[in-house]
Amino acid sequence: MPHSKPVLPLDTVEPAWHPEEWETEMALGSDQRRKERRQRIKATFPNSHVEAALDLLHLTDMAWHDCYGPKDLAVPDRVLEDILLLADGGLVALIRVAREAVIDFRDVRLAADALRSEPETTSAG
């Protein structure tokens, strides 16, 4: 006769994880991030480069997640602002700055802050 283990009801089993300890902030999916970024990218890049820029930012998000861990699903907003400022609407610049941001975002932050601190030039007419 086979030996059987006693079966415990599920409500008596203590889970190893506690859902109430989870962060309640909803993570955005890549499609949602793309939709949210579209207007900003349209305002910054030529129409012919909008989709490519959004594709690159998607790849940047994936690289960021791989480098900075499971809690960082995407490039943080402040880093994204720095990247877009330095790219200045150029696709080649976006590629280079996004890559540098993933490698070491502090260098990108310093460059963006330096650009922000430059006095604006006005053309005298």
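Remarks
- In a DSSP loop and with at most 10 other Cβ atoms within 10 Å, the trypsin sites (Lys or Arg not before Pro) in region 27-96 are Lys71.
- Taking the convex hull of the alpha carbon positions in region 50-117 and averaging its projected area over all directions gives 4.1 nm².
- Karplus-derived 3J(HN,Hα), 6.51/-1.76/1.60, for each residue of region 99-112, Hz, glycine and proline x: 4, 4, 5, 5, 5, 7, 5, 5, 5, 5, 4, 4, 5, 5
- One chain, two ends: Asp107 and Glu36. Fully extended at 0.36 nm per residue, the span grows by 23.0 nm beyond their Cα-Cα distance.
- Straightening the chain between Ala63 and Asp88 buys 6.8 nm, computed as 0.36 nm per residue apart minus the Cα-Cα spacing.
- Full-extension gain in nm, Asn47 to Leu73, via 0.36 nm per residue minus C-alpha separation: 6.6 nm
- Cα→Cβ-extended label distance, 7 Å offset, between Asp55 and Leu115, nm: 2.3 nm
Laboratory data are not the source of any read-out in this text; all were calculated from the coordinates shown. Keep in mind that what you see is a predicted model, and the values were worked out from it rather than measured. Heads up, the Cβs are rebuilt from the backbone with ideal geometry, glycines too, and the neighbour counts pull from every protein chain shown.
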